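S.K.: Here it is, the structure, as structure tokens.
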Amino acid sequence: MEQTSSSNSKKDKNKPIDYNDLKQLKSKYYESELEKEGLNSLAESLKTKIRTLQQQIFSQESSIQLVRELESQKVTLLEQAENYKKRVNDSDLQLSIIKKELTSLREENNDFTRKYNELQQQNVQIRQLNNLLELDKQHLNKKLRESEDEKIVLQKELGQCNEQSNLIEDNIHEIKSSFEKLDADYRVLQCKNSELELEIENLQCEVKRLREKCVLQYHEIDESNKLNGKLKGDIEDLQRLFIEQDRVLREKNQQENGIHPAYCNVCNKYIVGVRYKCGHCDDYDICSNCETSNHDRNHVLIKIKRPINNDRFVKTALLPEFQLIEQNEQDIDHRTNCSVCHKKIRGVRYKCGHCAKFELCVNCEAYPFNLHDPTHVFIKIRRPVQIDSNEILLPSEFRSIVNRSSNI
Ligand SMILES: [Zn+2]
Ligand SMILES: [Zn+2]
Ligand SMILES: [Zn+2]
Ligand SMILES: [Zn+2]
């Protein structure tokens, strides 16, 4: 343009030359040709621009369609969003419910934790108790062991005791056998005793024979006295001495052998053992064998177990008359009690002749040992008579002789 303006100015100044003008026109053509080409290329570029714009439009249309689709999608998405909102609300509701449940569960959990703590405390207490129990158990185990030891000791002692009891049983057997032996010995001794009794009887016969001999000798002495008057005094002294010795010997013999200075009025033998003297007859004696003989049943007998050392009483009735009490003879009651067993005296009554209030029943009188003074003599009362228990019936000199050997 600036060229054109400069050429225009040159034309204006060089008007007279037409060549210049042509040249200028030619350049101007060329210039317009160039401009034309520029414009063509511009048109071309514009065309391409249009095309691109068209394409852009097309693409924009498609994008508009896309926008529409997107809008429709947006609507659907909004609907979906509403749906989601609803769901969110629902889920909120559910969430609140769940929260409530959660709070309740928390409370429950708290309760459970509290309970758990309590249980733990209980557990601790139980453990403590368990420890105490364990201690007790140990203590008891110790005691059990001790008692087992004691049990063993006691078992040993029991064994010893059993051995001792076996020994004792053996001893009992030995004692039994020795007792049986003693029993046999006792029987043998009883046999010997009866033999000795027979011997005593024989000896009594011999004594009698000797006495008879003595009487004969007395006669001989009398004859020799008649013949030997001078020696009479001496012989009389010797006689007295002999008689005294004989009496002493006889008494000694009587004491030793239980021979009474009396003959039985039934069997006419010297009385050995028990002598019964009638309390009412002047001189009536019965031996134990003849005691059941028929003497006057109303007479009361004096039972003399051991010989009386006084001949003064031989020929004298010692008891007064008693008044009989009438009773049934099968069941006699003497209306007094035994001084030993304190039972009522029935059947036969024994009254001590020297003591007041000392009575014996049949059973107590029969004991082989002394229940009373062995020198005292008893009165045997079979039929009930009127006798005061306080009354002393026998003279005090009328007593049995007791030497040591017979005082059993
Ligand atoms: Zn007789
Ligand atoms: Zn008589
Ligand atoms: Zn007496
Ligand atoms: Zn009695």
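Only the coordinates and a few stated rules stand behind these numbers; no lab work does. In this text, all values refer to a predicted model and were calculated from it rather than measured experimentally. Don't worry about glycine lacking a Cβ; one is built from the backbone with ideal geometry, like all the others, and counts go over all protein chains shown.
S.K.: Output the 0 to 90 degree angle, nearest 10, between the alpha-carbon long axis of helix 2-13 and the longest principal axis computed from the alpha carbons of the chain.
M.R.: 10
S.K.: Further, regarding this structure: In a Gaussian network model over the chain where Cα atoms closer than 10 Å are linked, find which of Asp111, Asp331, Asp237 has the largest mean-square fluctuation.
M.R.: Asp111
S.K.: Which cross-chain or sequence-distant (5 or more) residues have an amide H under 5 Å from the amide H of Arg399, H modelled 1.01 Å from N in plane?
M.R.: Correct list: Asn309.
S.K.: How big is the gap, in Å, between the Cα center of the stretch 355-399 and the Cα center of the stretch 23-101?
M.R.: 173
S.K.: Helix 232-257 versus the longest principal axis of the chain: what is the Cα-based angle in degrees, 0 to 90, to the nearest 10?
M.R.: For helix 232-257, the angle is close to 20 degrees.
S.K.: What percent do you get for the relative contact order of the stretch 259-408 when only Cα pairs under 8 Å and 6+ apart count?
M.R.: Once divided by the residue count of the stretch 259-408, the mean separation gives 23 percent.
S.K.: Here is a further query. Give me Ser62, Ser339 ranked fewest to most by other Cβ atoms within 10 Å of their Cβ, as a rough exposure proxy.
M.R.: Ser62, Ser339
S.K.: Something else now. Would you be so kind as to identify which of Leu25, Ala262, Gln65 lies farthest towards the positive end of the dipole of the chain, taking Lys and Arg as +1 and Asp and Glu as -1 on Cβ and the Cα centre as origin?
M.R.: Leu25
S.K.: Would you pull out the residues with amide H under 5 Å of Val340's amide H, same chain only if 5 or more places away, H placed 1.01 Å from N?
M.R.: Cys361
S.K.: Moving on. Which whole-number percentage describes the relative contact order of the chain, with Cα contacts under 8 Å and a sequence gap of 6 or more?
M.R.: 8
S.K.: Once fully extended, how much extra length lies between Asp21 and Ser62, figured as 0.36 nm per residue of separation less the alpha-carbon to alpha-carbon distance?
M.R.: Gain on extension, Asp21 to Ser62, equals 9.0 nm.
S.K.: How big is the chain by the Kirkwood estimate over distinct Cα pairs, in Å? List each step's numbers first, then the result.
M.R.: Details: mean 1/r = 0.0259 Å⁻¹.
One over the average 1/r among Cα pairs gives 38.6 Å for the chain.
S.K.: Specify whether the C-alpha gyration tensor of the stretch 173-242 places it in the rounded, prolate or oblate class, a ≥ b ≥ c being the square roots of the eigenvalues: rounded for a/c under 1.5, otherwise prolate if a/b is larger than b/c and oblate if not.
M.R.: prolate
S.K.: Another question, then. May I ask for the angle, rounded to the nearest 10°, between helix 18-227 and the longest principal axis of the chain, with both axes built from Cα atoms and the value confined to 0 to 90°?
M.R.: 0
S.K.: What residues qualify as long-range amide H neighbours of Ile332, i.e. H under 5 Å apart, gap of 5 or more or another chain, H built at 1.01 Å from N?
M.R.: When sequence neighbours closer than 5 places are left aside, the close amide H contacts are Gly347.
S.K.: Over the stretch 316-387, what is the relative contact order in whole percent, taking alpha-carbon pairs under 8 Å and six or more residues apart?
M.R.: After rounding, I find 37 percent.
S.K.: With bins 10 Å wide starting at 0, give me the P(r) of the stretch 259-408 over every alpha carbon pair, in whole percents.
M.R.: Spelled out per bin, shortest first, that is 11, 42, 38, 9, 0.
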